[in-house]
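Novice: What follows is a structure written as structure tokens; I'll ask about it next.
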Amino acid sequence: MDTITHGLAGYVVAKTGLTRDTGRWGVIAGVAAAVFPDVDNLLGAFYGPEFTVRSHPGLTNSLILVIPFSFFFAWLSAKISRKNRFWTFFLIWVVEILIHTFLDLITSFGTMILSPLSSHRFALDWVFIIDLCLTGIFLIAS
């Protein structure tokens, strides 16, 4: 799934009440969490497009690493926002990363949900990587 759709999905999910006690910082964290797993695309700028095709989506989409990533970014979100809502931020990061991973899982490209233990791409093949209908749904909902 493309990063724009992930960001829109993150915004929609963040506005459903998940961020009630964190305000705009929760929405910011929600959108950041929704696009975070695509950060490995940036590495392609340094290591070339072959790296991106071979390695994305890998470690940042791993179900095994959702909890450690969420703990770190929840702590960082609480520090930056100066809101003492670590567990709310943690929940935001867990939910948003899992939604990102699910959206990548339903594409024909798939995702490596068991990375680093396995590089197998799991794919449900329900939609193409860029799905304008799904993007439109999230855009309308936002």
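Novice: Given the structure, is residue 101 within 20 Å of residue 24 (Cβ to Cβ) and β-branched (Val, Ile, Thr)?
Specialist: Values: within 20 Å of residue 24 (Cβ to Cβ): no; β-branched (Val, Ile, Thr): yes.
Judged against the criteria, residue 101 is not a match.
Novice: Find the residue count for the range 81-107, including only residues that are among the polar types (S, T, N, Q) and within 26 Å of residue 122 (Cα to Cα). Working first, answer last.
Specialist: Going residue by residue through the range 81-107, those that are among the polar types (S, T, N, Q) are 81, 84, 88, 101, 107.
Going one step further and asking which of them are within 26 Å of residue 122 (Cα to Cα), we end up with 101, 107.
The total comes to 2.
Novice: Could you please tell me which pairs satisfy a Cβ distance under 9 Å, a separation of 6+ or placement on different chains, a first residue in the range 104-128 that is closer than 17 Å to residue 40 by Cα, and a second residue that is assigned to a helix (DSSP H, G or I) and among the β-branched types (Val, Ile, Thr)?
Specialist: Once the first residue is closer than 17 Å to residue 40 by Cα and sits in the range 104-128, its partners that are assigned to a helix (DSSP H, G or I) and among the β-branched types (Val, Ile, Thr) give 111/101; 113/64; 113/101; 114/64; 115/60; 115/64; 116/64.
Novice: Look at residue 88 and say whether it is among the hydroxyl-bearing types (Ser, Thr, Tyr), free of Cβ contacts under 8 Å to residues at least 40 places away in the same chain and out of contact with any Phe, Trp or Tyr (no Cβ under 6 Å at 6 or more places or on another chain). Lay out the reasoning, then the answer.
Specialist: On the way: among the hydroxyl-bearing types (Ser, Thr, Tyr): yes; free of Cβ contacts under 8 Å to residues at least 40 places away in the same chain: no; out of contact with any Phe, Trp or Tyr (no Cβ under 6 Å at 6 or more places or on another chain): yes.
Against the criterion (among the hydroxyl-bearing types (Ser, Thr, Tyr), free of Cβ contacts under 8 Å to residues at least 40 places away in the same chain and out of contact with any Phe, Trp or Tyr (no Cβ under 6 Å at 6 or more places or on another chain)), residue 88 does not qualify.
Novice: Considering each residue of the range 68-122, count those that are of a type in the set (Val, Ile, Thr) and open to solvent by 80 Å² or more (accessible area, probe 1.4 Å), and give that number.
Specialist: Residues in the range 68-122 being of a type in the set (Val, Ile, Thr) and open to solvent by 80 Å² or more (accessible area, probe 1.4 Å): 1 in total.
Novice: Which of the residues spanning the range 1-20 are more than 16 Å from residue 61 (Cβ to Cβ) and in contact with an Asp or Glu (Cβ under 9 Å, 6 or more places away or on another chain)? Working first, answer last.
Specialist: From the range 1-20, those more than 16 Å from residue 61 (Cβ to Cβ) are 4, 8, 11-20; that's our starting set.
Passing the criteria: 13, 14, 18.
Novice: Looking only at helices (runs of 4 or more DSSP H) that fall completely inside the range 41-140, which ones have 1 or more residues that are modelled with pLDDT of 90 or more?
Specialist: On the way: elements: 49-55, 66-81, 86-105.
Per the criteria, 66-81, 86-105.
Novice: Can you confirm whether residue 16 is polar (S, T, N, Q), surrounded by fewer than 16 Cβ atoms within 10 Å (Cβ to Cβ) and under 27 Å from residue 137 (Cβ atoms)? Can you show your working first?
Specialist: Working: polar (S, T, N, Q): yes; surrounded by fewer than 16 Cβ atoms within 10 Å (Cβ to Cβ): yes; under 27 Å from residue 137 (Cβ atoms): yes.
Against the criterion (polar (S, T, N, Q), surrounded by fewer than 16 Cβ atoms within 10 Å (Cβ to Cβ) and under 27 Å from residue 137 (Cβ atoms)), residue 16 qualifies.
Novice: Related question: Can you tell me which residues in the range 1-12 are touching a helix residue (DSSP H, G or I) at 6+ places or on another chain (Cβ under 6 Å), in contact (Cβ under 8 Å) with a residue 60 or more places away in the chain and in a helix (DSSP H, G or I)? Outline the logic, then answer.
Specialist: Initial filter on the range 1-12 (touching a helix residue (DSSP H, G or I) at 6+ places or on another chain (Cβ under 6 Å)): 1, 3, 5-12.
Next, from what is left, pick out any that are in contact (Cβ under 8 Å) with a residue 60 or more places away in the chain: 1, 5-6, 8-12.
If the condition is that a residue be touching a helix residue (DSSP H, G or I) at 6+ places or on another chain (Cβ under 6 Å), in contact (Cβ under 8 Å) with a residue 60 or more places away in the chain and in a helix (DSSP H, G or I), then 5, 6, 8, 9, 10, 11, 12 are the ones that fit.
The values are calculated or read from the model by the stated rules, or taken from the named source; none is laboratory data. Computed from a predicted structure; not experimentally measured. Heads up, the Cβs are rebuilt from the backbone with ideal geometry, glycines too, and the neighbour counts pull from every protein chain shown. Calculation scope for accessible area: heavy atoms of the full protein, side chains included, ligands and nucleic acids excluded. Shrake-Rupley method; radii C 1.70, N 1.55, O 1.52, S 1.80 Å.
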